[in-house]
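Written out below as C-alpha coordinates is the structure these notes cover.
The values are calculated or read from the model by the stated rules, or taken from the named source; none is laboratory data. Being a predicted model, the structure only gives us computed values, none of them experimental. We place every Cβ from the backbone using ideal geometry, glycine too, and count neighbours over all the protein chains shown.
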Amino acid sequence: MLYIADLHTHSHYAAATSKFLCLETMYQWAVIKGIDVVSTGDFTHPAWIRELEEKLQPAGNGFYTLKHIPELKELPGATPAGRTVYFCLSTEVNCEYIIKSKQYKNHHLIYAPDFETAGLVNKALSRYGDLSLDGRPTLHLQAHELLKIILEVSPGVHFIPAHIWTPWYSTLGGMNGHDSLQDCFKDVTGELFAVETSLSADPRMCRRYAELDHLTLVSNSDAHSAFKLGREVNLFNAELGYDALFHAIKTRQGFSGTWEYYPQRGKYYNDGHRNCKISVSAKETTAGICPVCHRSLTIGVAHRVEQLSNRTEPETEGNFQSFRYVLPLPEILGEIMGFSETSKAVEKKYAQAISYFGNEFDLLMHTPLEDIRRFHPTLAIAIERLRKDEKRFTPGYDGEHGRIWFFNEGELNRKPEQATLF
(Lines give C-alpha, C1' and ligand atoms only; values in the text may rest on other atoms or scores of the structure.)
Protein backbone atom coordinates (compact mmCIF):
# COMPACT_ATOMS: atom_id res chain seq x y z
CA MET A 1 0.00 0.00 0.00
CA LEU A 2 1.45 3.38 -1.03
CA TYR A 3 0.48 6.30 1.18
CA ILE A 4 1.68 9.78 2.09
CA ALA A 5 2.37 11.05 5.61
CA ASP A 6 3.09 14.53 6.96
CA LEU A 7 4.25 13.99 10.52
CA HIS A 8 5.02 17.49 11.79
CA THR A 9 2.23 19.99 12.34
CA HIS A 10 1.24 22.37 15.13
CA SER A 11 -2.06 23.17 16.70
CA HIS A 12 -0.21 26.07 18.39
CA TYR A 13 -2.66 25.90 21.23
CA ALA A 14 -1.68 28.67 23.65
CA ALA A 15 -3.48 29.28 26.88
CA ALA A 16 -3.04 33.02 26.47
CA THR A 17 -4.84 33.22 23.13
CA SER A 18 -6.96 30.06 22.96
CA LYS A 19 -6.13 29.95 19.25
CA PHE A 20 -5.38 26.65 17.62
CA LEU A 21 -5.43 24.85 14.29
CA CYS A 22 -8.59 22.78 14.43
CA LEU A 23 -8.74 19.14 13.39
CA GLU A 24 -11.50 19.75 10.89
CA THR A 25 -9.35 22.26 9.01
CA MET A 26 -6.37 19.90 9.08
CA TYR A 27 -8.58 17.13 7.72
CA GLN A 28 -9.92 19.24 4.87
CA TRP A 29 -6.50 20.43 3.72
CA ALA A 30 -5.12 16.90 3.92
CA VAL A 31 -7.89 15.82 1.52
CA ILE A 32 -7.17 18.75 -0.79
CA LYS A 33 -3.43 18.05 -0.79
CA GLY A 34 -3.70 14.26 -1.07
CA ILE A 35 -2.22 13.34 2.33
CA ASP A 36 -3.25 10.10 4.04
CA VAL A 37 -1.67 10.49 7.49
CA VAL A 38 -1.18 13.78 9.33
CA SER A 39 0.10 14.41 12.84
CA THR A 40 -2.06 16.07 15.45
CA GLY A 41 0.70 18.15 17.01
CA ASP A 42 0.82 19.44 20.58
CA PHE A 43 -0.68 16.53 22.54
CA THR A 44 1.33 17.81 25.50
CA HIS A 45 -1.04 20.76 25.88
CA PRO A 46 -3.85 19.80 28.34
CA ALA A 47 -6.59 21.69 26.49
CA TRP A 48 -5.56 20.38 23.07
CA ILE A 49 -5.37 16.75 24.15
CA ARG A 50 -8.90 17.10 25.53
CA GLU A 51 -9.94 18.38 22.11
CA LEU A 52 -8.27 15.38 20.48
CA GLU A 53 -9.97 12.91 22.81
CA GLU A 54 -13.34 14.53 22.13
CA LYS A 55 -13.11 14.57 18.34
CA LEU A 56 -11.02 11.52 17.42
CA GLN A 57 -11.80 7.83 17.47
CA PRO A 58 -9.39 4.87 17.19
CA ALA A 59 -8.96 3.50 13.67
CA GLY A 60 -7.74 0.15 14.96
CA ASN A 61 -4.23 0.56 13.57
CA GLY A 62 -2.62 2.98 16.05
CA PHE A 63 -3.98 5.99 14.15
CA TYR A 64 -7.19 7.94 14.68
CA THR A 65 -9.97 9.29 12.49
CA LEU A 66 -12.48 12.09 13.00
CA LYS A 67 -15.75 11.04 14.61
CA HIS A 68 -17.64 13.51 12.42
CA ILE A 69 -16.39 14.24 8.89
CA PRO A 70 -16.86 17.94 8.04
CA GLU A 71 -18.06 19.37 4.77
CA LEU A 72 -15.31 20.84 2.60
CA LYS A 73 -15.41 24.59 3.31
CA GLU A 74 -11.74 25.55 3.28
CA LEU A 75 -11.56 25.91 -0.50
CA PRO A 76 -14.84 27.18 -1.98
CA GLY A 77 -15.48 25.75 -5.41
CA ALA A 78 -13.27 22.68 -5.01
CA THR A 79 -14.74 19.19 -5.02
CA PRO A 80 -11.79 16.84 -4.44
CA ALA A 81 -12.24 13.10 -4.40
CA GLY A 82 -12.98 11.83 -0.90
CA ARG A 83 -10.34 9.96 1.07
CA THR A 84 -9.85 8.77 4.64
CA VAL A 85 -7.42 10.92 6.58
CA TYR A 86 -5.72 9.34 9.60
CA PHE A 87 -4.28 11.25 12.55
CA CYS A 88 -1.10 10.26 14.38
CA LEU A 89 -0.75 11.52 17.96
CA SER A 90 2.32 13.74 18.11
CA THR A 91 3.89 16.70 19.82
CA GLU A 92 6.95 18.90 19.50
CA VAL A 93 8.96 20.06 22.50
CA ASN A 94 11.74 22.59 23.00
CA CYS A 95 14.75 21.73 25.16
CA GLU A 96 16.69 24.67 26.60
CA TYR A 97 19.85 24.29 28.68
CA ILE A 98 23.30 25.75 29.30
CA ILE A 99 26.60 23.84 29.11
CA LYS A 100 29.86 25.64 29.87
CA SER A 101 28.24 29.08 29.49
CA LYS A 102 26.75 28.28 26.07
CA GLN A 103 22.99 28.08 25.67
CA TYR A 104 21.54 25.28 23.56
CA LYS A 105 17.99 25.14 22.23
CA ASN A 106 16.61 22.26 20.19
CA HIS A 107 13.23 20.95 19.10
CA HIS A 108 12.20 17.30 19.05
CA LEU A 109 9.20 15.33 17.80
CA ILE A 110 7.47 12.73 19.99
CA TYR A 111 4.84 10.24 18.79
CA ALA A 112 2.43 8.06 20.78
CA PRO A 113 0.19 5.15 19.68
CA ASP A 114 -2.75 6.02 21.96
CA PHE A 115 -4.04 8.54 24.47
CA GLU A 116 -3.04 6.44 27.48
CA THR A 117 0.59 6.46 26.34
CA ALA A 118 0.42 10.15 25.46
CA GLY A 119 -0.78 10.76 29.03
CA LEU A 120 2.25 8.92 30.39
CA VAL A 121 4.52 11.11 28.27
CA ASN A 122 2.80 14.24 29.56
CA LYS A 123 3.09 13.11 33.17
CA ALA A 124 6.83 12.47 32.75
CA LEU A 125 7.52 15.77 30.98
CA SER A 126 5.41 17.95 33.27
CA ARG A 127 8.21 17.85 35.86
CA TYR A 128 10.47 19.87 33.55
CA GLY A 129 8.20 22.65 32.31
CA ASP A 130 4.66 24.01 32.29
CA LEU A 131 2.89 22.11 29.51
CA SER A 132 -0.07 24.48 29.54
CA LEU A 133 1.86 27.58 28.45
CA ASP A 134 2.19 26.66 24.78
CA GLY A 135 1.50 23.87 22.31
CA ARG A 136 5.25 23.38 21.98
CA PRO A 137 6.37 23.45 25.61
CA THR A 138 9.84 24.46 26.78
CA LEU A 139 11.54 21.80 28.91
CA HIS A 140 14.52 22.61 31.07
CA LEU A 141 16.57 19.51 30.49
CA GLN A 142 19.20 18.39 28.00
CA ALA A 143 18.28 16.58 24.81
CA HIS A 144 19.90 13.30 25.84
CA GLU A 145 17.99 13.41 29.13
CA LEU A 146 14.73 13.90 27.23
CA LEU A 147 15.47 10.93 25.00
CA LYS A 148 16.17 8.74 28.05
CA ILE A 149 12.83 9.73 29.56
CA ILE A 150 11.00 8.91 26.34
CA LEU A 151 12.71 5.52 26.10
CA GLU A 152 11.58 4.71 29.64
CA VAL A 153 7.92 5.67 29.14
CA SER A 154 7.00 3.00 26.61
CA PRO A 155 8.50 1.12 23.64
CA GLY A 156 5.57 2.45 21.63
CA VAL A 157 6.73 6.07 21.97
CA HIS A 158 9.04 7.32 19.23
CA PHE A 159 11.45 10.24 19.20
CA ILE A 160 12.85 12.12 16.18
CA PRO A 161 15.01 15.28 16.36
CA ALA A 162 13.20 18.05 14.47
CA HIS A 163 14.56 20.18 11.58
CA ILE A 164 18.12 19.36 12.59
CA TRP A 165 19.91 21.95 10.40
CA THR A 166 17.80 25.04 11.16
CA PRO A 167 20.04 27.78 12.67
CA TRP A 168 17.81 28.25 15.70
CA TYR A 169 16.23 25.59 17.92
CA SER A 170 17.82 22.53 16.35
CA THR A 171 20.26 19.73 17.09
CA LEU A 172 22.99 20.82 14.63
CA GLY A 173 22.03 24.43 13.89
CA GLY A 174 24.74 27.01 13.41
CA MET A 175 23.45 29.43 16.07
CA ASN A 176 22.53 27.40 19.16
CA GLY A 177 23.02 23.78 18.15
CA HIS A 178 25.67 21.15 18.82
CA ASP A 179 28.58 20.21 16.55
CA SER A 180 27.59 16.54 16.38
CA LEU A 181 24.78 14.16 17.28
CA GLN A 182 27.11 12.53 19.79
CA ASP A 183 27.70 15.84 21.53
CA CYS A 184 23.93 16.36 21.78
CA PHE A 185 22.66 12.88 22.66
CA LYS A 186 25.75 11.43 24.35
CA ASP A 187 25.30 7.81 25.54
CA VAL A 188 21.88 7.37 23.89
CA THR A 189 22.91 8.57 20.41
CA GLY A 190 22.63 4.96 19.23
CA GLU A 191 18.91 4.98 20.05
CA LEU A 192 18.21 7.45 17.24
CA PHE A 193 16.75 5.91 14.08
CA ALA A 194 15.74 9.01 12.11
CA VAL A 195 16.13 12.78 11.91
CA GLU A 196 14.00 15.43 10.27
CA THR A 197 15.93 17.31 7.60
CA SER A 198 14.25 20.77 7.70
CA LEU A 199 12.70 22.77 4.85
CA SER A 200 16.09 24.30 3.99
CA ALA A 201 17.89 20.95 3.49
CA ASP A 202 17.42 17.84 1.36
CA PRO A 203 18.84 14.27 1.50
CA ARG A 204 21.67 15.13 -0.90
CA MET A 205 22.89 17.86 1.46
CA CYS A 206 22.46 15.66 4.53
CA ARG A 207 24.55 12.81 3.13
CA ARG A 208 27.59 15.06 3.06
CA TYR A 209 27.64 14.49 6.83
CA ALA A 210 28.55 10.83 7.43
CA GLU A 211 27.18 10.76 10.97
CA LEU A 212 23.67 10.65 9.43
CA ASP A 213 24.35 7.63 7.19
CA HIS A 214 22.62 5.07 9.40
CA LEU A 215 19.58 7.28 10.01
CA THR A 216 16.45 7.62 7.91
CA LEU A 217 15.87 11.18 6.72
CA VAL A 218 12.23 12.13 7.18
CA SER A 219 10.71 15.31 5.77
CA ASN A 220 7.60 17.10 6.97
CA SER A 221 5.86 20.38 6.35
CA ASP A 222 6.41 21.81 9.85
CA ALA A 223 2.99 23.35 9.21
CA HIS A 224 2.00 26.30 11.37
CA SER A 225 -1.21 26.56 9.35
CA ALA A 226 -3.21 23.87 7.55
CA PHE A 227 -2.69 25.65 4.23
CA LYS A 228 1.02 24.78 4.52
CA LEU A 229 0.47 21.05 4.96
CA GLY A 230 2.40 18.93 2.50
CA ARG A 231 5.30 21.24 1.75
CA GLU A 232 7.30 18.10 2.46
CA VAL A 233 5.99 14.55 2.98
CA ASN A 234 7.09 10.95 3.45
CA LEU A 235 6.04 8.06 1.20
CA PHE A 236 5.35 4.56 2.49
CA ASN A 237 4.78 1.29 0.70
CA ALA A 238 3.79 -0.60 3.81
CA GLU A 239 0.82 -1.49 5.94
CA LEU A 240 -1.17 1.56 6.98
CA GLY A 241 -0.69 1.70 10.74
CA TYR A 242 1.34 3.29 13.53
CA ASP A 243 3.64 0.35 14.23
CA ALA A 244 4.15 -0.42 10.55
CA LEU A 245 4.95 3.21 9.76
CA PHE A 246 7.69 3.45 12.39
CA HIS A 247 9.01 0.00 11.51
CA ALA A 248 9.38 1.25 7.93
CA ILE A 249 11.23 4.36 9.10
CA LYS A 250 13.54 2.33 11.35
CA THR A 251 14.37 -0.38 8.81
CA ARG A 252 13.81 1.55 5.54
CA GLN A 253 11.75 -1.46 4.43
CA GLY A 254 8.53 0.06 3.15
CA PHE A 255 9.89 3.59 3.39
CA SER A 256 9.81 4.92 -0.17
CA GLY A 257 11.56 8.25 0.33
CA THR A 258 10.39 11.85 0.49
CA TRP A 259 9.05 14.73 -1.54
CA GLU A 260 11.14 17.75 -0.69
CA TYR A 261 10.51 21.49 -0.65
CA TYR A 262 13.25 23.15 -2.66
CA PRO A 263 15.85 23.91 0.05
CA GLN A 264 16.60 27.28 -1.55
CA ARG A 265 12.92 28.15 -0.97
CA GLY A 266 13.37 27.55 2.76
CA LYS A 267 13.92 30.59 4.92
CA TYR A 268 17.31 29.59 6.31
CA TYR A 269 19.26 28.34 3.28
CA ASN A 270 21.82 31.16 3.00
CA ASP A 271 23.65 33.06 5.71
CA GLY A 272 22.12 36.48 6.16
CA HIS A 273 20.78 39.42 8.07
CA ARG A 274 17.18 40.18 7.20
CA ASN A 275 17.09 43.71 8.66
CA CYS A 276 19.94 44.75 6.38
CA LYS A 277 18.71 42.66 3.42
CA ILE A 278 22.05 40.83 3.32
CA SER A 279 22.11 37.29 1.90
CA VAL A 280 25.42 35.43 1.67
CA SER A 281 26.05 32.02 0.08
CA ALA A 282 28.10 29.34 1.81
CA LYS A 283 30.96 29.91 -0.65
CA GLU A 284 31.25 33.64 0.10
CA THR A 285 33.55 34.83 2.87
CA THR A 286 32.23 37.33 5.39
CA ALA A 287 33.67 35.99 8.66
CA GLY A 288 30.04 35.73 9.78
CA ILE A 289 29.67 39.51 10.11
CA CYS A 290 27.04 41.64 8.39
CA PRO A 291 28.82 44.16 6.10
CA VAL A 292 26.11 46.77 6.79
CA CYS A 293 25.59 46.78 10.56
CA HIS A 294 28.65 44.70 11.53
CA ARG A 295 26.60 42.38 13.70
CA SER A 296 26.69 38.59 13.47
CA LEU A 297 24.95 36.97 10.51
CA THR A 298 22.54 34.08 11.01
CA ILE A 299 24.46 31.03 9.79
CA GLY A 300 22.33 29.31 7.16
CA VAL A 301 21.82 25.61 6.51
CA ALA A 302 24.04 25.47 3.41
CA HIS A 303 26.94 26.97 5.38
CA ARG A 304 26.35 24.71 8.36
CA VAL A 305 26.43 21.64 6.11
CA GLU A 306 29.74 22.89 4.73
CA GLN A 307 31.09 23.34 8.27
CA LEU A 308 30.24 19.81 9.42
CA SER A 309 30.51 17.87 6.15
CA ASN A 310 33.11 15.18 5.61
CA ARG A 311 32.16 14.42 2.01
CA THR A 312 32.30 16.52 -1.12
CA GLU A 313 29.18 16.97 -3.24
CA PRO A 314 30.41 14.48 -5.92
CA GLU A 315 31.01 11.89 -3.20
CA THR A 316 27.34 11.96 -2.23
CA GLU A 317 26.09 10.84 -5.65
CA GLY A 318 24.20 7.58 -5.29
CA ASN A 319 24.61 7.77 -1.50
CA PHE A 320 21.30 9.39 -0.56
CA GLN A 321 17.79 8.05 -0.23
CA SER A 322 15.19 8.52 -2.92
CA PHE A 323 13.52 11.92 -3.09
CA ARG A 324 11.85 14.31 -5.52
CA TYR A 325 11.28 18.04 -5.31
CA VAL A 326 7.81 19.49 -4.92
CA LEU A 327 6.44 23.03 -4.77
CA PRO A 328 2.93 23.98 -3.62
CA LEU A 329 0.55 24.46 -6.53
CA PRO A 330 -0.55 27.97 -5.43
CA GLU A 331 3.05 29.15 -5.77
CA ILE A 332 3.22 27.78 -9.32
CA LEU A 333 -0.12 29.35 -10.23
CA GLY A 334 0.99 32.63 -8.68
CA GLU A 335 4.03 32.80 -10.96
CA ILE A 336 1.97 32.02 -14.05
CA MET A 337 -0.82 34.45 -13.23
CA GLY A 338 1.34 37.24 -11.85
CA PHE A 339 -0.46 37.32 -8.51
CA SER A 340 0.37 36.43 -4.92
CA GLU A 341 -0.08 32.77 -4.05
CA THR A 342 -2.71 33.85 -1.48
CA SER A 343 -4.70 36.05 -3.86
CA LYS A 344 -8.36 35.41 -4.65
CA ALA A 345 -7.54 34.85 -8.33
CA VAL A 346 -5.04 32.11 -7.49
CA GLU A 347 -7.42 30.59 -4.95
CA LYS A 348 -10.15 30.35 -7.59
CA LYS A 349 -7.90 28.69 -10.15
CA TYR A 350 -6.48 26.38 -7.47
CA ALA A 351 -10.01 25.25 -6.56
CA GLN A 352 -10.73 24.54 -10.22
CA ALA A 353 -7.55 22.48 -10.52
CA ILE A 354 -8.38 20.45 -7.41
CA SER A 355 -11.88 19.73 -8.71
CA TYR A 356 -10.45 18.72 -12.11
CA PHE A 357 -7.58 16.50 -10.91
CA GLY A 358 -8.77 15.23 -7.50
CA ASN A 359 -5.97 16.52 -5.27
CA GLU A 360 -2.79 18.56 -5.45
CA PHE A 361 -0.21 15.77 -5.27
CA ASP A 362 -1.82 13.77 -8.05
CA LEU A 363 -1.59 16.82 -10.28
CA LEU A 364 1.98 17.73 -9.37
CA MET A 365 3.53 14.28 -9.39
CA HIS A 366 1.44 11.77 -11.33
CA THR A 367 -1.00 13.27 -13.83
CA PRO A 368 0.15 12.87 -17.48
CA LEU A 369 1.27 16.19 -18.94
CA GLU A 370 -1.17 15.81 -21.83
CA ASP A 371 -4.06 15.80 -19.37
CA ILE A 372 -2.69 18.94 -17.71
CA ARG A 373 -2.34 20.65 -21.12
CA ARG A 374 -6.06 20.18 -21.67
CA PHE A 375 -6.64 22.05 -18.40
CA HIS A 376 -4.08 24.73 -19.27
CA PRO A 377 -0.93 24.43 -21.41
CA THR A 378 1.16 26.92 -19.40
CA LEU A 379 0.57 24.98 -16.19
CA ALA A 380 1.68 21.81 -18.01
CA ILE A 381 4.98 23.51 -18.90
CA ALA A 382 5.55 24.57 -15.28
CA ILE A 383 4.82 21.11 -13.90
CA GLU A 384 7.05 19.48 -16.51
CA ARG A 385 9.87 21.77 -15.37
CA LEU A 386 9.11 20.96 -11.73
CA ARG A 387 9.42 17.25 -12.46
CA LYS A 388 12.70 17.84 -14.32
CA ASP A 389 14.01 20.24 -11.65
CA GLU A 390 14.43 23.05 -14.19
CA LYS A 391 14.18 26.16 -12.07
CA ARG A 392 15.59 29.56 -11.17
CA PHE A 393 15.81 30.62 -7.55
CA THR A 394 16.70 33.28 -5.03
CA PRO A 395 17.78 31.60 -1.77
CA GLY A 396 16.07 32.27 1.55
CA TYR A 397 18.03 33.67 4.50
CA ASP A 398 17.61 34.68 8.15
CA GLY A 399 13.87 33.96 8.26
CA GLU A 400 13.15 35.34 4.77
CA HIS A 401 11.75 32.74 2.38
CA GLY A 402 13.48 32.25 -0.96
CA ARG A 403 11.77 32.24 -4.35
CA ILE A 404 11.50 29.58 -7.05
CA TRP A 405 10.64 30.31 -10.69
CA PHE A 406 10.02 27.93 -13.58
CA PHE A 407 9.90 30.59 -16.29
CA ASN A 408 12.54 33.04 -17.45
CA GLU A 409 11.86 36.76 -17.33
CA GLY A 410 9.63 37.77 -20.23
CA GLU A 411 8.82 34.18 -21.14
CA LEU A 412 5.23 34.38 -19.96
CA ASN A 413 4.52 37.74 -21.65
CA ARG A 414 1.69 38.38 -19.24
CA LYS A 415 -0.81 41.15 -19.69
CA PRO A 416 -3.18 42.12 -16.87
CA GLU A 417 -6.21 40.87 -18.74
CA GLN A 418 -4.46 37.58 -19.57
CA ALA A 419 -3.63 37.00 -15.92
CA THR A 420 -7.26 37.54 -15.00
CA LEU A 421 -8.51 35.19 -17.70
CA PHE A 422 -6.08 32.36 -16.89
Has segment 128-138 got any residue that is among the small types (G, A, S), closer than 20 Å to G241 by Cα and either part of a strand (DSSP E or B) or out of contact with any Phe, Trp or Tyr (no Cβ under 7 Å at 6 or more places or on another chain) (or both)?
no
Of the conditions (1) surrounded by fewer than 16 Cβ atoms within 10 Å (Cβ to Cβ); (2) at pLDDT below 95, G119 fails just one. Which one is it?
(2)
Can D183 be described as assigned to a loop (DSSP other than H, G, I, E, B), farther than 23 Å from Y111 by Cβ and of a type in the set (D, E)?
no
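For segment 125-160, give me the residue count where each residue is of a type in the set (K, R) and in contact with an Asp or Glu (Cβ under 7 Å, 6 or more places away or on another chain).
Within segment 125-160, the subset of a type in the set (K, R) is 127, 136, 148.
With the extra rule that they be in contact with an Asp or Glu (Cβ under 7 Å, 6 or more places away or on another chain), the set shrinks to 136.
Selection size over segment 125-160: 1.
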If you go through segment 246-271, how many residues are of a type in the set (G, A, S), assigned to a loop (DSSP other than H, G, I, E, B) and touching a residue at least 24 places away in the same chain (Cβ under 8 Å)?
1
Mind listing just one residue for me: the one in segment 1-48 that is in a helix (DSSP H, G or I) and charged (D, E, K, R) and, of those, modelled with the highest pLDDT?
K33
Out of L369, L333, which single residue is among the aliphatic types (A, V, I, L, M) and closer than 20 Å to R231 by Cβ?
L333
Selection within segment 318-338 - in a loop (DSSP other than H, G, I, E, B) and touching a strand residue (DSSP E or B) at 6+ places or on another chain (Cβ under 9 Å)
F320, Q321, S322, L327, P328
From the option list Y104, Y169, Y111, single residue qualifying as hydroxyl-bearing (S, T, Y), within 19 Å of the chain's Cα centre (by Cα) and in a strand (DSSP E or B) is Y111
Please determine, by comparing only the residues of segment 336-366 that are charged (D, E, K, R) and either under 22 Å from the mean Cα position of the chain (by Cα) or within 18 Å of A226 (Cβ to Cβ) (or both), which one is surrounded by the most Cβ atoms within 10 Å (Cβ to Cβ).
E360
Answer yes or no as to whether S221 is within 16 Å of the chain's Cα centre (by Cα), in contact (Cβ under 8 Å) with a residue 60 or more places away in the chain and farther than 19 Å from V38 by Cα.
no
Considering only residues that are surrounded by fewer than 21 Cβ atoms within 10 Å (Cβ to Cβ), touching a Ser or Thr at 6+ places or on another chain (Cβ under 7 Å) and either among the acidic types (D, E) or closer than 18 Å to D271 by Cα (or both), which ones fall in segment 179-213?
E211
Note: among E306, E347, E315, E341, just one is in a helix (DSSP H, G or I), within 28 Å of A5 (Cα to Cα) and either in contact (Cβ under 8 Å) with a residue 40 or more places away in the chain or acidic (D, E) (or both), namely E347
If you go through segment 279-286 one residue at a time, do you hit one that is under 29 Å from L7 (Cα atoms) and buried (at least 21 other Cβ atoms within 10 Å of the Cβ)?
no
In the set L146, L133, L151, the lone residue that is in contact (Cβ under 8 Å) with a residue 40 or more places away in the chain, under 23 Å from the mean Cα position of the chain (by Cα) and farther than 23 Å from I299 by Cβ is L146
Could you please let me know if G177 is assigned to a loop (DSSP other than H, G, I, E, B) and within 13 Å of T44 (Cβ to Cβ)?
no
Any residue in segment 82-109 that is closer than 24 Å to P46 by Cα sitting within a Cβ distance under 7 Å of a residue that is small (G, A, S) and part of a strand (DSSP E or B)? List the pairs, counting only those 6 or more apart or interchain.
C88/S39; L89/A112; S90/S39; L109/S90
Boolean, E152 is charged (D, E, K, R) and crowded, with 23+ Cβ neighbours inside 10 Å
no
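Considering only segment 60-90, state which residues are outside any loop (DSSP other than H, G, I, E, B) and among the aromatic types (F, W, Y).
Y64, Y86, F87
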Would you check if there is a residue in segment 224-231 being of a type in the set (F, W, Y), surrounded by fewer than 24 Cβ atoms within 10 Å (Cβ to Cβ) and not in a helix (DSSP H, G or I)?
no
